[in-house]
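Here the structure comes first, spelled out in structure tokens, and everything after it is commentary.
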Amino acid sequence: MREVRRTLAFMLRVAWREKPALFGSYLILFVGDVITAMKNVLIPKLLLDELLLVTKGAALSEHLRLIVLYAVIHVAVDALVRAAGSVAERTKGEITQWFQEYCDMMIGEHAMKMDYEHTEDPDALDQLNKAREGMSWYSGGVVGVLDCVYRIVLNVTVLGGVTTLIFSRCPLLLPVQGIALLMISWMTARNNAIDTRNFLRMSKINRIFGYVMFQLASFQYGKDIRLYDSSRMMGDKAKKQSDEMADIWREQALEQERYYWGIDIANVLRDGISYLYIGMLAVRRVISVGDFTMCMLSATQLYNSLQNSIVSVMDIKKRCSYAYQFILFLDYPAAMQTGDRSLADTGGEGHVIAFRDVSFCYPRSEKYVLRHLNLTIRQGEHLSIVGLNGAGKTTFIKLLCRLYEVTEGEICIDGVNIMEYADEEYRKLFAVVFQDFRLFAFSLRENVAPGVEDVDEERLEQVLVQTGLYEDAQKLPNGLDTMIYKSFEEKGVELSGGQQQKTAISRALYQDAPIVILDEPTAALDPVAEYEIYRQFHTLVGGRTAIYISHRLSSCRFCDHIAVFAGDTIKEYGTHDELAARVDGIYAEMFRAQAQYYVD
């Protein structure tokens, strides 16, 4: 019940804060539905009683006025309720769509702000998928949950009215309807429990199925699928996930089938007993023909109101259990400690980075990637990090950028543990280009200066010239305003690998952060373009601190110091000349191995 209470409180609070007009729509619908329900029970009785009096010899003139009045009331109420209901439903429909987009935005914003560690956590990814599905067609979102509340209030109100009518004419109908309803409610509850259980089972399968189907329909993977004949593999995986989904649905249908049969049998017995009882009262003249009609209509309305009330209670529990996954995602616990300390002015000395006996292993793993790492990087220093794949180079950068928390030891900036700094302010220290960077399907300008409202055109041009991208940009159909990729624009362009990498480097340099980190920034560039980037390296970075990861050791000549990662720590540290002179050194061996390709 806690998840129901919390979900309802959240939905009501959000709806009242964002769209109070929703409650106005509910009020209009409520008044109209209550009037219609009572009209449908009473007007037929009143009309039938008047008509029977006429057939029994009463003067038509005496009863015609009432017959016409009841007919006019019936038609007028229907017309007014439908007109008002149409406006209310249209408003509610617009609000439903608005809330769907609102919740999608909340999920997206939280996914962007939550700790990076969670983006590689299968449990967090499953929770994200549950949140998306739970707030969409499973629960119906904010309006879907509040619709259940509305139905409960409406049916309880109508229930009170028809119960009074039945009790005055045919009281034994009440236990008949009640017993049938208890039986049906129990079977409905069982079906709802099966629905909820299968929703949780389907979460991971839905996520994998969605991923596979997205890749099948994505042109981005077109070359790889064709060149490596991967279409059969992708098709097989899609079929496998589809079959697993179908198996779960089949199991669910078979498990629920007996309860659906039970519900049908209970309904047949209820109707048979009710008609028999009221018919006997009418035959014995205990009630009039008009009362008979009223009792039958009231019995139907009573049962429907009882059933809808209980079903709505069950439905709200089920919908809240789905929507609660959205709340759990928004409450997903932080993986890292954050402080509120600001980065104080260093008085011109700049920021000093210090790794102090740092060890790290990834979450859900017992293997250490880095052990007892000690390193100091001073303001303005250009450091090159080299090592074989898997040596921990990129992990080193992730720890510095606080994408992960160190397992042991500490990282300090200006002598202060980075956990004490305010997270948003700390991240502004870094301009990073990771080897798996991504560009957005927006304009080139927006990719180089994302989130910047007033772009400094002069600085933007200067950065593009420095990275060698300016001339390429001028050749594009709309210059810097050309859309990248063809996702949304037919005239969008597919940049080459080198152009994409230059764009990413331009983005980091335009940010003008005091610390620049380049993780394999020239891997997709040809040797000439790579040389130009290295030749202008000091100009590009200026007096800022730069940390540079590269497998091409020729780049190390442009750096002040080199740190060689091997065996989960730093094995060698020094300048290019110092390390190259070590005959048996790791760096010297790597440098000779690469140099032979150029010498030979």
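The values are calculated or read from the model by the stated rules, or taken from the named source; none is laboratory data. Given the structure is predicted, the values throughout are model-derived calculations rather than measurements. Heads up, the Cβs are rebuilt from the backbone with ideal geometry, glycines too, and the neighbour counts pull from every protein chain shown.
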Residue count for the stretch 470-518, restricted to those that are under 30 Å from G543 (Cα atoms) and hydrophobic (A, V, I, L, M, F, W, C): 11
Near pairs, Cβ below 9 angstrom, 6+ apart or cross-chain, from the stretch 446-460 (surrounded by 14 or more Cβ atoms within 10 Å (Cβ to Cβ)) to any residue that is at pLDDT below 80: E446/V452
Subset of the stretch 418-429 [surrounded by fewer than 16 Cβ atoms within 10 Å (Cβ to Cβ) and outside any helix (DSSP H, G or I)]: A422, K428
Which listed residue is buried (at least 18 other Cβ atoms within 10 Å of the Cβ) and among the aliphatic types (A, V, I, L, M), from L302, L343, L254: L302
Selection from the stretch 112-169 of residues that are surrounded by 18 or more Cβ atoms within 10 Å (Cβ to Cβ), polar (S, T, N, Q) and part of a helix (DSSP H, G or I): Q127, N129, N155, T163
Flag for R557 being under 30 Å from D357 (Cα atoms) and at pLDDT 85 or above: no
Residues satisfying the stated conditions in the stretch 112-126, i.e. over 21 Å from C401 (Cα atoms) and over 12 Å from the mean Cα position of the chain (by Cα): P122, D123
Lone unmet requirement of (1) modelled with pLDDT under 90; (2) under 24 Å from R557 (Cα atoms); (3) surrounded by fewer than 21 Cβ atoms within 10 Å (Cβ to Cβ); (4) of a type in the set (S, T, N, Q) for S365: (2)
Residue in the stretch 333-351 that is within 24 Å of K428 (Cα to Cα), assigned to a strand (DSSP E or B) and more than 28 Å from the chain's Cα centre (by Cα) present: yes
Residue within the stretch 54-64 that is at pLDDT below 85 and surrounded by 14 or more Cβ atoms within 10 Å (Cβ to Cβ) present: yes
Options D456, D357; residue that is under 35 Å from the mean Cα position of the chain (by Cα) and not basic (K, R): D456
Residues of the stretch 373-390 that turn out to be closer than 16 Å to Y548 by Cβ and either part of a strand (DSSP E or B) or in contact with a Leu (Cβ under 9 Å, 6 or more places away or on another chain) (or both), as a count: 8
Residue match in the stretch 434-447 (condition: of a type in the set (D, E, K, R), within 21 Å of T119 (Cβ to Cβ) and more than 31 Å from the chain's Cα centre (by Cα)): no
Test: residue in the stretch 391-414 that is surrounded by fewer than 14 Cβ atoms within 10 Å (Cβ to Cβ) and at pLDDT below 90: no
Extreme residue, surrounded by the fewest Cβ atoms within 10 Å (Cβ to Cβ), among residues of the stretch 74-111 that are of a type in the set (A, V, I, L, M, F, W, C) and under 30 Å from C401 (Cα atoms): M105
Which numbered condition L173 misses (of (1) touching a residue at least 60 places away in the same chain (Cβ under 8 Å); (2) over 18 Å from L306 (Cβ atoms)): (2)
Condition check for Q337: surrounded by fewer than 23 Cβ atoms within 10 Å (Cβ to Cβ) and either without any contact (Cβ under 8 Å) to a residue 40 or more places away in the chain or more than 30 Å from Y116 (Cα to Cα) (or both): no
